[in-house]
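**Q** Quick one: structure below, then a few questions.
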Ligand SMILES: Nc1ncnc2c1ncn2[C@@H]1O[C@H](COP(=O)(O)OP(=O)(O)O)[C@@H](O)[C@H]1O
Ligand SMILES: [Mg+2]
């Protein structure tokens, strides 16, 4: 195992020092009992059955044994042997329990740290990363820490201690045999080195494919409505089967190598045991070694080789654990957003928002915003209009720092937003996104999403402002009615109004509404805007709107085209000064939407040309 990986693993064991002491004590007990066990057999063979005198070292401690009958001695020794085995079994039981307990706890700790870290990673990570892969890392890969501890660190330590203890005792018993026992270790080591080197790729292949498989299932279930309506079930099933078959293949290749390795290891240890049996047998024949002692040696060799072969058998999963650990540690190596910087500003804000020459690119290649400059005074309503894809959503997402501007600055109350504490900033900017994310839960839970401490009255007030109160009251359980996963049981307009209520609840000084009513008909839309205008409390309000009728009363209108601000002013001035705004206005007055991008541009060219 790599040293840094060992360090990392050890860092998870820190809080469980007492348990480790317990496990170590139990392991030592097991090793001592295992060292003791063969001697009862030796005494039975060499003394009780052949009638020779017991060794002085023993009779010195138990003088009673000198006068004992051979049959009674046999019984006493057998009972002693049994007692040792039973004690060893009890120790093993306690050991397993403690080890599983600790293994589960370290997995729990790793998962909790992983989720916390994933949540802290910036939006750019989450928009580029597959969700299923992150789920797989928390669900399956996090188990690596348990495998590393219980399949790697502990067995290696036990094998090491066993080797030392048994070797030391063997040295006293028979020098040649003792050295023969450890003669196999270099072979085992070489074999292990060679094996792990090729294994790591195969283990990686298995991980990647398993993660793909999860992704297939995840994608299929997430888009089930589309799959059904386009009758893609068979196609999706076949894709799943292909992914599953690849997983099987990868797993089989891995298993094949594992069994091959495990057989080679067994072969080496068996050869070791056989040669010791031959040399020891010759010693017994020439009288330099007693039969019972040879039995002790054989038992010791087993005690040393057992943990080694158990590692050999589990090395595959250990290697997979290493790969998983790598995947998990990759996440930890990504820099999180700093939520609470001690130098950052966190006080209440008035709500003066200013964009200064802001440019932005998602991929650092294609610019989505370029040189955006505008100003929203406290308590103003500023409308942002433009064709779909112009960059309006991107622009407002920069305000709560969901993404960071590539160039230029955004100021709130004349202070760069990157100087604000992120939590405080986000608490003071309420964002109603284009497609709000809803939870499986009740209406009240969903509205309280960002303010879990809001009173029932505040929730009702926000729902009234968002024009969803009557709808909710008409439901059998009112605010306690449950919504399906991501609002599956609601219409688009209901979902949007719920998202709006959520944003209105906090009374944040800056309110950002991203096409909050695009799924509503124009009559409900007008009513919602009227409500917002009436009930909002001096909040600076940025609205991206779909229908110009609802924003003609805005204090300022910013017209965006292809990522740049082309014009800004009030409705009346823009009608006179901005050709783009006038075209937008004409188009919308004629009852069309802004979504028909190509069509509109074609028409625009005609008008200007
Ligand atoms: N996460 C993203 N990664 C890369 N490009 C994106 C991402 N989100 C949006 N875009 C692109 O940025 C441009 C502006 O999108 P958006 O701000 O959503 O436009 P609007 O809200 O004005 O319709 C579009 O061309 C879109 O394809
Ligand atoms: Mg948008």
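**Q** Looking at 503, 527, 488, 508, can you tell me which residue is under 35 Å from the mean Cα position of the chain (by Cα) and surrounded by fewer than 18 Cβ atoms within 10 Å (Cβ to Cβ)? Outline the logic, then answer.
**A** Values: 503 fails: surrounded by fewer than 18 Cβ atoms within 10 Å (Cβ to Cβ); 527 fails: under 35 Å from the mean Cα position of the chain (by Cα); 508 fails: surrounded by fewer than 18 Cβ atoms within 10 Å (Cβ to Cβ).
Going through 503, 527, 488, 508 in turn, just one is under 35 Å from the mean Cα position of the chain (by Cα) and surrounded by fewer than 18 Cβ atoms within 10 Å (Cβ to Cβ): 488.
**Q** Quick check on residue 324: is it within 15 Å of ligand 1 (Cβ to nearest atom), at pLDDT 90 or above and within 30 Å of residue 135 (Cα to Cα)?
**A** Details: within 15 Å of ligand 1 (Cβ to nearest atom): no; at pLDDT 90 or above: yes; within 30 Å of residue 135 (Cα to Cα): yes.
Spelling it out, it is not the case that residue 324 is within 15 Å of ligand 1 (Cβ to nearest atom), at pLDDT 90 or above and within 30 Å of residue 135 (Cα to Cα).
**Q** Looking only at region 391-429, which residues are closer than 21 Å to residue 529 by Cβ and within 10 Å of ligand 1 (Cβ to nearest atom)? Show your work before the answer.
**A** Looking only at region 391-429, we keep the residues that are closer than 21 Å to residue 529 by Cβ, and these are 392-393, 395-396, 399, 429.
392, 393, 395, 396 - these are the residues of region 391-429 that are closer than 21 Å to residue 529 by Cβ and within 10 Å of ligand 1 (Cβ to nearest atom).
**Q** Can you spot a residue in region 431-439 that is outside any helix (DSSP H, G or I) and on the phi > 0 side of the Ramachandran plot? Before you say what the answer is, go through the steps one by one.
**A** Residues of region 431-439 outside any helix (DSSP H, G or I): 431-439.
Retained after the next criterion (residues that are on the phi > 0 side of the Ramachandran plot): none.
No: region 431-439 contains no residue that is outside any helix (DSSP H, G or I) and on the phi > 0 side of the Ramachandran plot.
**Q** If residue 352 passes every condition in (1) away from ligand 2 (no atom under 16 Å from the Cβ); (2) crowded, with 21+ Cβ neighbours inside 10 Å; (3) on the phi < 0 side of the Ramachandran plot; (4) in contact (Cβ under 8 Å) with a residue 60 or more places away in the chain but one, which one does it miss?
**A** Here residue 352 meets the rest and fails (2).
**Q** Hey, among the residues in region 387-421 that are more than 16 Å from ligand 2 (Cβ to nearest atom) and crowded, with 19+ Cβ neighbours inside 10 Å, which one's nearest to residue 352 (Cα to Cα)? Spell out how you get there, then give the answer.
**A** At the first step, the residues of region 387-421 found to be more than 16 Å from ligand 2 (Cβ to nearest atom) are 401, 404-421.
Keeping just the survivors that are crowded, with 19+ Cβ neighbours inside 10 Å gives 401, 405, 410, 412, 417, 420.
Values: 401: 16, 405: 18, 410: 10, 412: 5, 417: 11, 420: 14 Å.
Among residues in region 387-421 that are more than 16 Å from ligand 2 (Cβ to nearest atom) and crowded, with 19+ Cβ neighbours inside 10 Å, the one nearest to residue 352 (Cα to Cα) is 412.
**Q** So, one more: Is it the case, given these coordinates, that residue 361 is surrounded by 15 or more Cβ atoms within 10 Å (Cβ to Cβ), more than 16 Å from ligand 1 (Cβ to nearest atom), in the same structural domain as residue 565 (by TED's automatic domain parsing) and in contact (Cβ under 8 Å) with a residue 40 or more places away in the chain? So that I can check it myself, show each step before the final result.
**A** Working: surrounded by 15 or more Cβ atoms within 10 Å (Cβ to Cβ): yes; more than 16 Å from ligand 1 (Cβ to nearest atom): no; in the same structural domain as residue 565 (by TED's automatic domain parsing): yes; in contact (Cβ under 8 Å) with a residue 40 or more places away in the chain: yes.
No, not satisfied.
**Q** For residues that are under 12 Å from residue 386 (Cβ atoms) and at pLDDT 80 or above, tally how many sit in region 584-609.
**A** Selection size over region 584-609: 1.
**Q** Moving to a separate point now. Residue check, residue 168 against (1) out of contact with any helix residue (DSSP H, G or I) (no Cβ under 6 Å at 6 or more places or on another chain); (2) at pLDDT 85 or above; (3) within 15 Å of residue 312 (Cβ to Cβ), all met but one. Which one?
**A** Here residue 168 clears every test but (3).
Residue-by-condition table, conditions (1) within 16 Å of ligand 2 (Cβ to nearest atom); (2) out of contact with any strand residue (DSSP E or B) (no Cβ under 8 Å at 6 or more places or on another chain); (3) within 23 Å of residue 512 (Cβ to Cβ):
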| residue | (1), (2), (3) |
| --- | --- |
| 424 | no, no, yes |
| 453 | no, yes, yes |
| 457 | no, yes, no |
| 484 | no, yes, no |
| 492 | yes, yes, yes |
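**Q** Return only the number of the condition from (1) assigned to a helix (DSSP H, G or I); (2) surrounded by 15 or more Cβ atoms within 10 Å (Cβ to Cβ) that residue 274 does not satisfy.
**A** (2)
**Q** If I filter region 537-546 down to residues being under 40 Å from the mean Cα position of the chain (by Cα) and not in a strand (DSSP E or B), which single residue comes out as farthest from ligand 1 (Cβ to nearest atom)?
**A** 539
The values are calculated or read from the model by the stated rules, or taken from the named source; none is laboratory data. What you see is a predicted model, and the numbers here were worked out from it, not measured in a lab. Every residue, glycine among them, receives a Cβ derived from its backbone with ideal geometry; neighbour counts consider all protein chains shown.
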